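Visitor: Mind looking over this structure? Questions follow.
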Amino acid sequence: MTRFGSAAILLSFALITLTETAPAQTALDELVDREPISFSAEACSAAVGGWSPWSSKAENIKENGCGRRRRTRPVKDNDMARNCGLHGVEQKEDCSKLTKKEKLVSLQYYFVNDVFGRSGIIRRHKRSLFDPSIFFRGDLPAITDTDRCPEDVAQRPVDFLAMVDKSGGMSRRHFRLLLRSVGFLVQKGIPQISLDTTRMALMTFANNPTIEFNLKACDNSSCVMEKLDGAVFRGGVTRMATALDAAQTVFTEESGMRSCSRRVILLITDGSGARYEEAMPQQYASNLKGDKGVEIFAIGVTDLINENELAGIVSTPTLTHLYYMDTVRQTRRIFKRIKPAQS
């Protein structure tokens, strides 16, 4: 090939290259020179719809000062919404607005002190977290021998049942952490466990409830701690109605319940039981509160719980009987800081 032939080929290649890159370069120049995109308030507002009303299922709880509620909004233009920084189509709000410290204070005063302190301390404590008119008023055990039993509920011995969820919604480790939370209550909050003062029973529940020990099984806190360590994680679904039905067998004379006692349940769960059962848990809770005179407290862990369901289970006022914990670890940390019940 001659020198002139080589030059012609190179010239042709250069012309082809220039022809192919020219449109791309032109597009790049136009992109650089283009005015920056501005996202006006009107454009951003048009990218999403308005918020729906707050969820109605928690409104009755909100009136009592606690619970969670949710609302949603539709997204009409995903790209514009993302550019405007409008992330998320769901908004959640903790209606109780309790900080970790307030949760601890509330549990200390309204559960530990009032149940195990034997002095009606909630009625006279000057640093009450909520309205001083809110304290335990009803759901008293049915007493037949009024001459023998104290009229003041704070002076009665306590028959206490802890109910701990062991369903598949939590891991084995989380189940152990919840049992440790109950252990902190036993070691730090309850002044004395004996057959003459506070009696304690434990139930774990998932597909089927297991009564780990009844009210007459332990005469001291060491016995209770040993049996807490022996509870076994099973997994399964949260059959809360079945568990509350079985709780009625705990509050019998055969299982160690006393005729003059103040009867208390602490229910700890991370899920809802209504999806898996024909009967509603509220029905069995009503039987416990009405027939057995049991006062029910509940702790809902994580946002998987059904607030409306738990509100129907606990005793009134809901504000002092129903608590929400963000995580299992938070539950353990708060119970670890519980102090001995004041009397």
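Visitor: Testing the spin-label approximation: label points 7 Å from Cα along Cα→Cβ at Cys223 and Arg172. State their distance in nm.
Guide: 2.9
Visitor: Right, here's the next one. Could you work out what % of the accessible surface of region 184-343 is carbon and sulfur, using a 1.4 angstrom probe and leaving DNA, RNA and ligands out of the count? Mind showing how you got there, number by number?
Guide: Values: 2700 of 6230 Å².
Carbon-and-sulfur percentage of accessible area, whole number: 43.
Visitor: Here's something else I'd like to know. Please work out the FRET efficiency for the pair Arg71 and Glu102, using the Cβ-Cβ distance as r and a Förster radius of 25 Å; give the result to the nearest 0.05. Don't jump to the answer; show the numbers that get you there.
Guide: Numbers: r = 24 Å, r/R0 = 0.97.
About 0.55, to the nearest 0.05.
Visitor: Further question: For Asp303, tell me the accessible area in Å² from a 1.4 Å probe, rounded to the nearest 10.
Guide: Its accessible surface works out to 70 Å², give or take rounding.
Visitor: Note down the accessible area of Met225, probe 1.4 Å, to the nearest 10 Å².
Guide: Per-residue accessible area (Met225): approximately 40 Å².
The values are calculated or read from the model by the stated rules, or taken from the named source; none is laboratory data. Since the structure is predicted, the reported quantities are computational estimates derived from the model, not experimental observations. Every residue, glycine among them, receives a Cβ derived from its backbone with ideal geometry; neighbour counts consider all protein chains shown. Please note that ligands, DNA and RNA were not included when accessible areas were found on the heavy atoms of the full protein model with its side chains. Shrake-Rupley method; radii C 1.70, N 1.55, O 1.52, S 1.80 Å.
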